[in-house]
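A short write-up of the structure that comes next.
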Amino acid sequence: MTNNISSKTITALDDQEALLQRAADEREAIFNRYSLGLDPKNVVDPWENPTFELYHITDKYGFMHDSRLPDTRDSQELQRTKIELERDKKWMKMLANWNPNNEKVRRRVFKGIPDRMRWPAWKKLLNVDELIVANRDKYASMLALARKYSTEVRQIDSDVNRQFRDNVAYRQRYSVKQCSLFNVLNAYSIYNPELGYCQGMACLAGVLLLFMQEEEAFWALNQLIIDRKYAMHGLFIEGFPKLTRFLEHHDRIMSKMMRKLHQHFMKHNVDAILYSIKWFFVIFVERIPYSLALRVWDIYLLEGDRVVTAMAVTILYLHKHELLRLNDMDSIIEYLQVKLHKNFGYNDDYVIEALERMMKKLKDLKLDVAPPAKANEFPVRPLGQFIEADIEKKIGRRRSEYTDNEKQVITDVILRSEQNAVEVQSTMSYETSECATGDAYSMKTYRSITSLATSPAVSSYSLYSNGFVVTTNNKLYNNDIDNNTTSAYNNGHNNHGNNYNSYSHNYRHSNSYSYSHTMLPLQNHTDAEVDYGHVDDLPPEFNENDANVDDDELSVQNTRL
Amino acid sequence: MATTARSGGNASGSSAQRPNGTQQNKNCQFKLVLLGESAVGKSSLVLRFVKGQFHEYQESTIGAAFLTQTLCIEDTVVKFEIWDTAGQERYHSLAPMYYRGAQAAIVVYDIQNQDSFQRAKTWVKELHKQASPNIVIALAGNKADLSNIRVVEYEEAKQYAEENGLLFMETSAKTGMNVNDIFLAIAKKLPKNDGANNQGAPAGRRLNDNENNRQTNNCCK
């Protein structure tokens, strides 16, 4: 509403009649509006309705939440802002004299790149500006080729339509960022035709585009995929060779450092591939809170893929006790995939400190780096040279047979889960482990993987998941196994029954967890139902192996962790 | 999770003695896998079934997702362990890991998309060849709320399903149409199958059951 006092009427203060008329008009106009009520003729300015709720539910990264975020900032937040302002200045100086090998850079990256500095800092870490200069016009030409020849357009379109739709930048269909995401992915599929497009890449490019512009994001994505430090090419190509390699390494670490949890997972058929694929493919985005994921990205961009290995173990380490209390696959997966994304339970600084210590610990144990990649993880042909797709690809026809690469990955994945099952079983039946891995068993394993079979008797995996029966009451093990491992297994159990009971007692005692340090409330859970009648409670001598680092040793050394 | 009932094998004397209809609240558990082309609505079907929700912009599934839901049929509690897989062809090679040992599968296509129907047929073929012989397969023609712009005719899909022994329904994760029904139909069909055949897929696993006669071939009727 506007007030129609003109300069003329103000000067004519003595013109009382005009003033009275003005007041009468105004009264009439206002009354009229109320008489109209919700009538559509009653035109309302946007500010008169609370249609800007968006601003109250959007966080500083543009992500929208279910409910309003707090209006006032607490003292911690204010303190953090103050620190960030100081850090901004230091970063500006540091970026002007950039030297990534400087210890100062490393220290500051671990402290977290300030939000405002992430754009220039990530560009430096990924060498983006140099790449743009060195590849002038390349992006534009790839994009032009994509428009004519991209065979991935349908898949990319359907993924762009659902990537980060809870972020204001991607909220609106065909928004600037949605278009950029579409362009970057299509152009990249032409630039690197051996890779093309794989689901997961939209998430990576989506994060990059929240900090960069289109062409910058293209080259940043290329660095993540091609540079040996990150080498994500091997993760996304057909057959996922790097995934297999990293999963194996992850299992190796778990079996050495967190054996109890590892066995707990195996007992409940929680294979690492179920919870960690997104950790590896999109560097923890949508599996841990976004602010924490950015901190991990900072370090990942500096240090490369060993960070991913260490972070995976750190997550499990920090939540080990919670996870050990969950007694079915359902709740374990839910915890790792959903709960930790909503609320990690520890503040970001604390987690990053734990990550840094874990990296050091892994280095000491020579477990920080996964075994070297094979040649199949890297592109063979030079990048950026256009190759027209074959007719099958052009028309988007699916293959009906597996390729050799795919057969390999199927074999690898299944073999791995079986090996894990064997490992758990052999730990369970300490004295009979030879029996469990003996000839009869191996042959079954072999048959099942070569035939890809799931028919019941052949699959040793189903043999395991079925035979491996543990009741939850303290009657220890009952089992239905009808093959020759049964008797031996029972013998093992009988021999050690007493030890088991005494250990069970100790375990209860030693696990009166105290989370007094920086842990934030994660959830209320009932301790009453914790069940100790499980393989994890095996007597210490069952688990111990001099060559390995025991859980308890680790926890002693890492009480700070 | 405590005990596991195996089909076939060491049937103890007690296995076949359960009197029909006299046991209360039997529990059993089935592994179910969702397969189908990308963006046909696999995750949305699961979300509707498990949480009763629908997200217009369901994020793309990377690898696979795992959820559970429980149904009651008469005196039996059926728990579905649901594996929701990624649809992109590249992830195809991970699928055997999920359909291995599955007692049921829902193969999903989008009624607006002929390619996705062809793809569904390929999945059915693969399941017949590679999965447990007695796996119960349902075909779901999703996005049925958009039937005014359909491309795949109902009759065509129905006929295909009949010829291949599949359950068939057109579903809509958006409106909820037939979503519970298709899971229910699977649940009803499952136990009969298990009972009929000892050589087939493992029977549903029985849950937290302290009775002695765990080794039944058929956990629920």
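The values are calculated or read from the model by the stated rules, or taken from the named source; none is laboratory data. Being a predicted model, the structure only gives us computed values, none of them experimental. In this analysis, Cβ positions are derived from the backbone assuming ideal geometry, glycine residues included, and neighbour counts consider all displayed protein chains.
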- Item | Criterion (part of a loop (DSSP other than H, G, I, E, B), among the small types (Gly, Ala, Ser), loosely packed, with under 11 Cβ neighbours inside 10 Å and free of Cβ contacts under 8 Å to residues at least 12 places away in the same chain) met by exactly one of A:67, A:35 | A:67
- Message: Going by what's in this entry, would residue A:216 be described as in a helix (DSSP H, G or I) and either closer than 24 Å to residue A:149 by Cα or of a type in the set (D, E, K, R) (or both)?
- Response: yes
- Which one is nearest to the other protein chains (Cβ to nearest Cβ) among residues in the stretch A:273-286 that are crowded, with 21+ Cβ neighbours inside 10 Å and outside any helix (DSSP H, G or I)? A:285
- Does residue A:420 fit the bill of being part of a helix (DSSP H, G or I), at pLDDT below 75 and assigned by the TED database to the domain that holds residue A:277? yes
- Message: Just to be sure I understand, how many residues within the stretch A:373-414 are outside any loop (DSSP other than H, G, I, E, B), more than 27 Å from the chain's Cα centre (by Cα) and β-branched (Val, Ile, Thr)?
- Response: 1
- Filtering the stretch A:82-116 down to residues that are within 22 Å of residue A:210 (Cβ to Cβ) and of a type outside the set (Lys, Arg) yields A:84, A:85, A:88, A:91, A:92, A:95, A:109, A:110, A:112, A:113, A:114, A:115
- Residue within the stretch A:322-345 that is of a type outside the set (Gly, Ala, Ser), away from every other protein chain (no Cβ under 14 Å), assigned to a helix (DSSP H, G or I) and touching a strand residue (DSSP E or B) at 6+ places or on another chain (Cβ under 6 Å) present: yes
- Message: I want to confirm something. Restricting to the stretch B:125-147 and keeping residues that are among the polar types (S, T, N, Q) and within 21 Å of residue B:159 (Cα to Cα), which single residue is surrounded by the fewest Cβ atoms within 10 Å (Cβ to Cβ)?
- Response: B:147
- Selected residue (only one of A:253, A:190 is among the β-branched types (Val, Ile, Thr) and more than 30 Å from residue A:421 (Cα to Cα)): A:190
- Given (1) modelled with pLDDT of 95 or more; (2) in a loop (DSSP other than H, G, I, E, B), residue A:151 misses just (1)
- Sole miss for residue A:78 among (1) in a helix (DSSP H, G or I); (2) at pLDDT 95 or above is condition (2)
- Query: Can you find a residue in the stretch B:41-62 that is in a strand (DSSP E or B), in contact (Cβ under 8 Å) with a residue 24 or more places away in the chain, more than 8 Å from chain A (Cβ to nearest Cβ) and buried (at least 23 other Cβ atoms within 10 Å of the Cβ)?
  - Reply: no
